[in-house]
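Working notes, structure below.
Each value in this text was obtained by applying a stated rule to the coordinates, not by laboratory testing. Just so we're clear, the structure is a prediction, and the values are computed from it rather than from any experiment. In this analysis, Cβ positions are derived from the backbone assuming ideal geometry, glycine residues included, and neighbour counts consider all displayed protein chains.
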Amino acid sequence: MKREISRRSILKGAAAVGAAGSLPMIPFAAQAADEIIVGGLHDLSGFIDFAGIPMNQIMLMAIEEINAKGGLLGKKVKGVVYDPQTNMSLYSQYATQLALKDKAAVVMGGITSASRETIRPILHRYKTLYFYNTLYEGGVCDRNEISLGTTPAQTVEKLVPYTMGLWGKKVYTIAADYNYGQITAAWVKRYVEQNGGEVVSTDFFPLDVTNFGPTISKIQGAKPDMVMSVLVGTGHLGFYNQWAAAGMKNEIPIASTTFGAAGAELEILKPEVANGIITSYGYYPSIDSPANKAWVAQVNKRYPEKTPLLSELSAFTWEGMMIWADAVRTAGSLDRMKLIEVMESGKTYDMPSGQCAIDPLTHHAIRDVYIADLKDKTYIIKKKFSQVQPADTQMVCNLKETPNANKHYEISLE
Amino acid sequence: MDFSLVVAIELLREVAGLILIATGLAIIFGMMRVINIAHGEFMMLGGYTVVLTTKMGVNIWVAILILAPLAVGVFGIVVERLIIRHLYGRIIDSLLATWGLSLFLIGFVTVVFGNTVEGVSTPFSGFAIGQYSVAIYTFFLIFAAVAFMSSVYFTLRYTQAGLIARATMQNPDMVECLGVNSKIVYMTTFGIGAAFAGLAGGLLAPISGVVPGMGALLIGKAFITVVTGGAAVVAGTLSSAGILGTISQAVTFATGPVFGDATLLFVALILLRILPQGITGRIFTRSV
């Protein structure tokens, strides 16, 4: 038979390809009764895909690992992954779909606070357990959500006295101009003052600012002992380049609660620009413990190519999966309330990042926090703090008193 | 004293930055009346050219000053042949087409190179003015802006090619009657505009970093500068970059970047209310 290639058939083919391309990644296949569905909502495209792709890779690795050990409750675990494309309406659409159509037992994901606040109320309404594994500004009060990322009270509280002891008491804060930056800058000020120091100035920058010349001159004029950077996003990366170009690299040191949070800064900036910046997170790939070394080796083995950037975000995604799986095994059930009660029981989990427990009052992680110095794209861990409480969220949230809370509090220090 | 010197340098730097990002657009939009929404992505391509070629071992100056404008200029000519030439005189259509092109380029670069790629470090170091220190690269940017403006001015004012280009933009039919192939003039002019965008992207790459979405951070200011300046490439860009850059940067020093950016928009708004055709629509009308 002669195959005709007409304009129409090409158009049809193109349309089919286009339609297939726009479908989510592992969708169709009706859910089999012997499968447990884990939903994944991470930005796999868009401007923060460098954070979302590793989180998704690690989530899938954790699912494979659980299945290799025989699954849960005699069933296989299956990941259903959607790409919300850094688009909030897709986030709400896919969250609804995961809860109602896929009947996911648990949903992992959301990266920016905006995406979390889009899907959290949806998953709360449809009673679908939700893990948010990203560091953020604190303040979520919702018994349906487990927040594993660090909050400012955990990292800033440690970073400020450490760097002040190293460098001096005069601090100049530069921060991104939205709620994460504003709230974190307020915490910086509080901890600096508690430690007998002084914040000489706090400057805020919209996310699209790329020219930091005036600020660098102002910092030079203020002569602080250190700069505390809460800058966010690729636009703000210009600061570090311009800082080094002005020859300030060896004049005034920089500490940061955001630098390298998801790893992108490490990729984009040259070592001579990034070296010496001191940060504080709940996880670094260089943590020297058998559990972490084994985990990093496991990641490298699973992804020999396109090895994910390991950061707090991806490590805590794995921890979220493991904590959830442990709760399912302990409860012997998928019932949401039973799982929540297991996790609220004050269990301590041994994880690559150290020891971690869920605070029953806030559903945030009580976890080990580290301080590290950056040298040639490697974090050198300087100090470890055990079992740090999410003190900021604890100020506003008590799930024992208000178990039905469904709110994100803007924590104000004024 | 030192501080006012530093402020003056930073004001100049901001003006220079606006000139760099706006010159290519002034040629393409101001002269040719093609709304090129992909102008920011042209700059992004220039930045990527610098990053990728220096990684392969090319000298950074060769990469910035030669390869970036060359690569983007050639790309601009291809774009003109494939898309733009069908859309002359159809402003809204060209807007849509170049917007599509801009989305395509962002997506394409993201797929090929990923969302993160290691940048280049800034050549030169800093030098001290009293207690302040200023990047030598800042002076280089100011110098580059001066070179941008003078080369465009010299070409348009004193060369035959410049004369033909200006004439073609005014009346292509008449130019054709005089034996000039206006299609080639359009193509070349667009290519030169694209090359300026590529050069600007290359120049900014060391200080701003290079990511697929960087064009979006630059395009707004580029358009505001060109629209405020009006049709004349040199006088328009110079006057609007001078006014907008100085005022917004002065406010940035006095208060912070939020008010600096807001002031830039506010001043542009007032200027356009008084001078709807741009600065050179009323003043310096006989300039190029």
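Taking the Cα atoms of the range B:1-97, the ratio Rg/Rh between the radius of gyration and the Kirkwood radius comes to 1.10. Using the Cα centre of the range A:113-168 as origin and beta-carbon charges of +1 (Lys, Arg) and -1 (Asp, Glu), tell me which of A:Thr151, A:Thr163, A:Thr128 is placed farthest towards the positive end of the dipole. Checking the options against the dipole of the range A:113-168, the answer is A:Thr128. Secondary-structure-derived ellipticity at 222 nm for chain A, considering helices only, amounts to -12500 deg cm²/dmol, per-run term -39500 (n - 2.57) for DSSP H runs with n ≥ 4. Using a cutoff of 8 angstrom between alpha carbon atoms and counting only pairs six or more residues apart, the relative contact order for the range B:2-282 works out to 36 percent.
The overall shape of the range B:168-288 is oblate: from the C-alpha gyration tensor, with semi-axes ordered a ≥ b ≥ c, the ratio a/c is 1.5 or greater and a/b is no larger than b/c. The residues A:Ser345, B:Ser248, A:Ser289, when put in order of fewest to most other Cβ atoms within 10 Å, stand as A:Ser345, A:Ser289, B:Ser248. Figure legend: label point modelled 7 angstrom from the Cα of A:Glu251 along Cα→Cβ; residues of the range B:4-45 with amide N under 14 Å from it are B:4-7, B:10. Here's the picture: charge each Lys and Arg Cβ at +1 and each Asp and Glu Cβ at -1 in the range B:84-232, and of B:Phe124, B:Phe196, B:Met149 the one pushed furthest to the positive end of that dipole is B:Met149. Mean-square fluctuations from a GNM of chain B, with a 10 angstrom spring cutoff on Cα atoms, peak among B:Gly57, B:Gly76, B:Gly119 at B:Gly57.
For B:Glu118, put the label point 7 Å out on the Cα→Cβ axis and report which residues of the range B:53-69 keep their amide N under 15 Å from it. Answer for this model: B:53-58. Here chain A is treated as a Stokes sphere of Kirkwood radius computed over C-alpha pairs; at 20 °C and 1.002 mPa s its diffusion coefficient rounds to 96 µm²/s.
For the range A:65-118, the dipole from Cβ point charges (+1 on Lys and Arg, -1 on Asp and Glu) about the Cα centre works out to 320 debye, to the nearest 20.
Counts of other chain beta carbons within 10 angstrom of each beta carbon in peptide B:242-248 average 0. Give the shape of the range A:153-281 as rounded, prolate or oblate, defined through the alpha-carbon gyration tensor: a ≥ b ≥ c are the square roots of its eigenvalues, a/c under 1.5 means rounded, and otherwise the shape is prolate if a/b is larger than b/c and oblate if not. Rounded shape, in that the Cα axes give a/c under 1.5. Helix A:179-194 axis versus longest C-alpha principal axis of chain A: approximately 40°, rounded to the nearest ten.
Which of B:Arg85, B:Arg273, B:Arg33 moves the most in a Gaussian network model of chain B with Cα springs under 10 Å? Highest fluctuation of the listed residues: B:Arg273. Here the range B:2-282 has an Rg and Dmax of 18.7, 64 Å, counting Cα atoms alone.
Projecting the Cα atoms of A:Ser256, A:Pro271, A:Thr210 onto the charge dipole of the range A:153-281, computed from C-beta unit charges around the Cα centre, puts A:Ser256 farthest toward the positive end. A crude spin-label estimate for the pair B:Val146 and B:Leu275, with each label 7 Å from Cα along the Cβ direction, gives 2.4 nm. Shown here: the protein assembly as shown, whose C-alpha atoms stretch 89, 84, 48 Å along the first, second and third principal axes, sorted largest to smallest.
Modelled this way, with points 7 Å down the Cα-to-C-beta line, the labels at A:Tyr303 and B:Thr255 are 4.4 nm from one another. Of the trypsin sites (Lys or Arg not before Pro) found in the range A:36-89, those in coil by DSSP whose Cβ has at most 10 other Cβ atoms within 10 Å are A:Lys69. Spin-label pair A:Ser333-A:Ala222: with each label point 7 Å from Cα along the Cα-Cβ axis, the two points sit 5.5 nm from one another.
Label zone (A:Lys383, point 7 Å along Cα-to-C-beta; backbone nitrogen cut-off 16 Å) within the range A:233-273: A:254-257. The charge dipole of the protein assembly as shown, taken about the Cα centre with unit charges on the Cβ atoms of Lys, Arg (+1) and Asp, Glu (-1), comes to about 1520 debye, rounded to the nearest 20. Pairs exceeding a 30 Å alpha-carbon distance, out of A:Lys384/A:Lys407; A:Lys347/A:Lys382; A:Lys218/B:Lys221; A:Lys270/A:Lys293; A:Lys75/A:Lys407: A:Lys384/A:Lys407; A:Lys75/A:Lys407.
Mind pulling the angle between the C-alpha long axis of helix A:49-68 and the longest principal axis of chain A? Nearest 10 degrees, somewhere in 0 to 90. Compared with the principal axis, the helix lies near 50 degrees. Peptide B:130-141 has a mean of 4 when you count, residue by residue, the C-beta atoms of other protein chains within 10 Å of its C-beta. FRET efficiency for the pair B:Leu70 and B:Phe154, taken as 1/(1 + (r/R0)^6) with r the Cβ-Cβ distance and R0 = 25 Å, rounds to 0.75.
Under 1.5 on a/c is rounded, so check that first for the range B:108-167, then, if it is not, pick prolate when a/b is larger than b/c and oblate when it is not; a ≥ b ≥ c are the square roots of the alpha carbon gyration tensor eigenvalues. The shape class here is oblate. For chain A, take the longest principal axis of its alpha carbons; what is the angle in degrees between that and the long axis of helix A:7-22, to the nearest 10 within 0 to 90? Roughly 60 degrees between the two axes.
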